[in-house]
Amino acid sequence: MKKLILICLMTSFIWGAAQEKKISFAKELNYQFVEKNTPQPALKMYASNTNEFLTKLNYKEMPMYYYTDRLGTSMVAMDMNNRLNGTVSSLFFGMNYYYGEGDKETFTMETQKLDTKETILGIPCSHFLISLKDGPRKDEKMKICVDDQSPLNNFSVLNGILNQYMGKSKLNGAGLNGMILKGGPEKDYDKEYIVLASIKDTKDVVYFDHKKAMTDQQRKMDSIMLAYKKMDEEYAVADSAAIVADSAVAAVMDDAYMEISIPDYVSEYKKAQDEDGSLAITNIPSESLWKGLPKHCKNFEKDLPEFKNKDLKKHLRNYVGQMCDMYLTQARSHSVGIKITLDEIRREVVYLNDVHDQLDESDQKKLKNYLKNLD
């Protein structure tokens with residue numbers, strides 16, 4: 001239970017949108033959970049120079065992502081080509097709200113700076129205590145070590161994720177800014193903790209319109225709440241059969257909850273895309289998922305032939321990689337944009353067919369043998 005509480009404390013299909021923003025990350029922070037001197041991965045955090053964060057943690061082999069910026073923290077998912085999808089949590093939070101968790105009151109967290117310090121990865125940090133001002137857990141305190149000289153302020157991630165699950169927080173205590181290096185229950189701080197295990201430079205990017213995502217999610221949650229409210233009112237004067245027959249409520253529930261419809265098809269697959277775009281198979285959250293993919297998908301880029309045609313290899317890479325991504329859609333939870341992936345596959349098939357007769361005999365033979373011998 002302590003482990004689950006600690007991880008929760010430490011962690012907190014928008015295509016072509018007009019306000020979509022390119023977020024460039026500068027640092028990749030990897031944290032480990034340590035218990036009884038046994039370390040294991042806890043979370044990964046990407047940080048920009050302007051304090052925008054993408055935090056990833058795995059829960060029961062399912063990746064969970066949180067995006068944090070000055071607007072707040074939102075649960076997101078990774079779509080193809082490094083797009084963030086900010087609509088995945090409306091169902092989850094809508095249900096929580098209806099079943100009583102939407103009534104969470106504002107809570108106050110108090111911080112206290114201690115006189116002690118330690119050094120982690122060669123970085124000095126200062127100790128702070130965080131506690132709830134009131135409530136049944138007010139006597140539980142969390143101890144964290146913060147590099148308060150760092151320009152990266154990932155304490156906002158911790159606060160944002162707490163807001164997601166506990167309600168709106170208020171922080172009492174000035175000066176708690178900077179990069180968290182370590183954290184754990186005060187009583188077991190030296191035995192059970194999350195610690196920064198590595199920090200390195202990165203050039204990873206994502207594309208996201210956080211404001212639009214938050215607006216869309218709130219609109220959907222409002223629709224869900226209105227539907228539930230109407231159902232509750234109807235139950236006061238009629239039986240459940242009358243409620244089911246209410247087409248207005250059913251329509252809202254279908255649109256906001258079940259999501260059984262799909263967008264109108266738009267033919268876009270022939271439009272040029274970036275063949276060097278990201279592939280879902282390069283970020284598989286669990287090694288066990290490889291068992292559901294063809295063997296060639298693992299490290300497939302190393303087996304790609306070298307061609308005289310300079311463009312052929314990158315198109316072949318994209319075709320094979322996108323096909324491998326489609327196998328990941330067998331998982332109950334996945335981050336593969338299905339339509340985008342299908343469009344990419346169709347586009348590459350057209351390319352390979354069109355370019356075939358223009359290749360010299362050597363390239364034709366290599367291409368034929370490579371595709372023929374894929375398992």
Once all protein chains are kept in place, LEU181 shows an accessible area at probe 1.4 Å, nearest 10 Å², of 0 Å²
As straight-line cross-link partners of LYS229, the qualifying lysines (C-alpha separation under 21 Å, not fewer than 8 residues apart within one chain) are LYS104, LYS220
Distance in nm between LYS302 and THR108 label points, each 7 Å along Cα→Cβ, equals 5.8 nm
Heavy-atom accessible area of VAL349, protein chains in place, probe 1.4 angstrom, given in Å² to nearest 10, is 60 Å²
Flagged as over-length at 26 Å C-alpha distance, from LYS182/LYS291; LYS56/LYS113; LYS339/LYS365; LYS203/LYS368; LYS291/LYS372, the pairs are LYS182/LYS291; LYS56/LYS113; LYS339/LYS365; LYS203/LYS368
Once SER286, SER198 are ranked on solvent-accessible area with the largest value leading and a 1.4 Å probe, the list reads SER198, SER286
To the nearest 0.05, the calculated FRET efficiency linking THR119 and LYS212 through their beta-carbon distance, R0 being 45 Å, is 0.60
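The values are calculated or read from the model by the stated rules, or taken from the named source; none is laboratory data. As the structure is a prediction and not an experimental result, all values here were calculated from the model. Don't worry about glycine lacking a Cβ; one is built from the backbone with ideal geometry, like all the others, and counts go over all protein chains shown. Note: accessible area is taken over every heavy atom of the protein model, side chains too, but ligands, DNA and RNA are not part of it. Shrake-Rupley method; radii C 1.70, N 1.55, O 1.52, S 1.80 Å.
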